[in-house]
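**Q** Structure provided below as structure tokens; questions to follow.
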Amino acid sequence: MNYVDRVLEELKRKNPNEPEFHQAATEILNGLRPVVERHPEYEKAALLERFVEPERVILFRVPWVDDAGAVHVNKGYRVQFNSAIGPYKGGLRFHPSVNLSIIKFLGLEQILKNSLTGLPIGGGKGGSDFDPKGKTDNEIMKFCQSFMTELYRHIGQDTDVPAGDIGVGGREIGYLFGQYKRIRDEHVGVLTGRGLSYGGSLVRTEATGYGLIYMVEEALRCRKDSFAGKTVIVSGSGNVAIYACEKAQSLGAKVVAMYDSNGYVYDKAGIKLDVMKQIKEKERARIKEYANRVKGAEYHEGCKGIWTIPCDIALPCATQNEIDEKSAEALVKNGVKYVGEGANMPTTLEGIEVFRKAGVVFLPAKAANAGGVATSALEMAQSSGRLFWSFEEVDRKLKSIMVSIYHNMDNAAREYGVEGDYVAGANIAGFMKVADAMMAHGIV
Ligand code: NDP
């Protein structure tokens, strides 16, 4: 049995009941087949075995009391996956679906994503099965304080620097930071995505969505095309989705549909982003409300139907496995030409195969959504240097990082004989730097 198959088989045996982790590892290691063939020294050093095993997994209890006085207990996670090229870096996700498999898949992806940015950051991920939906501000604060009361001892500005993810936005980062500062008595860049009044960076809020659009724009430009006049679907209506929509619209695209976990809105005339922001960012209400407020917009219960709407560009920006084989087939049938993954692993392995066969330009998450973590690294740089860069300066850096990630993965795919296969290209380009560092560090 060849090296990659053996590592995958062992990984599945040692980590049963972790389907998302298996899926991510399969996608990544399949892309690395030509690399390990060219570098037999990696097998001798058991490099892949070490690469897929987290350096440290922290599991903890998060007890908290709700407004009615009832006691709740949630699970807390931090997976410190790989620190070969820099301190662990990766978001915290608060969602009832969170489990070890999901945090490990996200952490593994994060290693390569962070490497692709070209910045010195390792890979980690964390979170909780806490559901922020329907909780009061006070309950969110209590939960965040309890979560940090355990997490603080494992993180630090040079050790591990968490950020936001699903269910963790500016409000949660504020409460988490407040508790860290209180316990440790230090005001340092231990979390990113902080508010502008206490060490945050301009553009961090917009970064993942804008970055996604900068990468798709570059892919279009290289094919002598542009966003102007294109019909776009953006799934989700959270942080990534809203700012992807904003930037795509500013480049002349028409975004016709978005969703939340209950259903989707279809607005033929183009989504009115000010109404969407009011509903999702200010009121934290359901997307259904959009159809009540905007004439001509339709609301459909359930999410899957969104992928049957004809579009030129599909941008899944909500969660993992949003686009399965059937949804991918529907998109291809309706003429989709580009898919840019704003969310992490939003397309199943079968869905990716459908796009590959149809010649769709497919920009995988670890490259396409790296703008968020790249800007987090810029936030870390500003914190260390006690600096504050202008919006234009951070935005310019973000754009240049996204363009260079695109070309790095494009070049890596060509170099390893899989031209146009950006899944493989991103995995290879991200992996090479981590592999070099791990080899240099010896067996650790
Ligand atoms: P948010 O919590 O801001 O938004 C998530 C959105 O996805 C919401 O609209 C939510 O709907 C929807 N959603 C969540 N779960 C499901 C589901 N099972 N089915 C349908 N819709 C769902 O998160 P972000 O925008 O920050 O993150 C979105 C994705 O982008 C995630 O995969 C995240 O890992 C990835 N990402 C985020 C980065 C960032 O900087 N924020 C950086 C890189 C990647 P509802 O409100 O109903 O729950």
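**Q** From (1) touching a strand residue (DSSP E or B) at 6+ places or on another chain (Cβ under 7 Å); (2) without any contact (Cβ under 8 Å) to a residue 40 or more places away in the chain; (3) within 15 Å of the ligand (Cβ to nearest atom), pick out the condition that doesn't hold for residue 298.
**A** With respect to (1) touching a strand residue (DSSP E or B) at 6+ places or on another chain (Cβ under 7 Å); (2) without any contact (Cβ under 8 Å) to a residue 40 or more places away in the chain; (3) within 15 Å of the ligand (Cβ to nearest atom), residue 298 is out only on (3).
**Q** For segment 169-253, which helices (runs of 4 or more DSSP H) that fit wholly inside it have 1 or more residues that are charged (D, E, K, R) and away from the ligand (no atom under 15 Å from the Cβ)?
**A** Ranges flagged: 170-184, 207-221.
**Q** If you check every pair at least six apart or on different chains, which have Cβ atoms under 7 Å apart with a residue in segment 334-357 that is of a type in the set (Val, Ile, Thr) and modelled with pLDDT of 95 or more first and a residue that is within 14 Å of the ligand (Cβ to nearest atom) and in a loop (DSSP other than H, G, I, E, B) second?
**A** Cβ pairs passing all conditions: 347/341; 348/321; 348/324.
**Q** List pairs: first residue in segment 207-229 and within 17 Å of residue 244 (Cβ to Cβ), second residue surrounded by fewer than 22 Cβ atoms within 10 Å (Cβ to Cβ) and of a type in the set (Ser, Thr, Tyr) anywhere in the structure, Cβ distance under 7 angstrom, at least six positions apart or on different chains.
**A** 220/226
**Q** All but one of (1) in contact with a helix residue (DSSP H, G or I) (Cβ under 8 Å, 6 or more places away or on another chain); (2) farther than 24 Å from residue 100 by Cα hold for residue 68, so report the exception by its number.
**A** (1)
**Q** Search segment 47-57 for residues being closer than 24 Å to residue 129 by Cβ and in contact with a Phe, Trp or Tyr (Cβ under 7 Å, 6 or more places away or on another chain), and hand back the single one that is surrounded by the fewest Cβ atoms within 10 Å (Cβ to Cβ).
**A** That would be 55.
The values are calculated or read from the model by the stated rules, or taken from the named source; none is laboratory data. Please read these numbers as outputs of a predicted model, since none were measured by experiment. Here the Cβ is made from the backbone with ideal geometry for all residues, glycine too, and neighbour counts use every protein chain on show.
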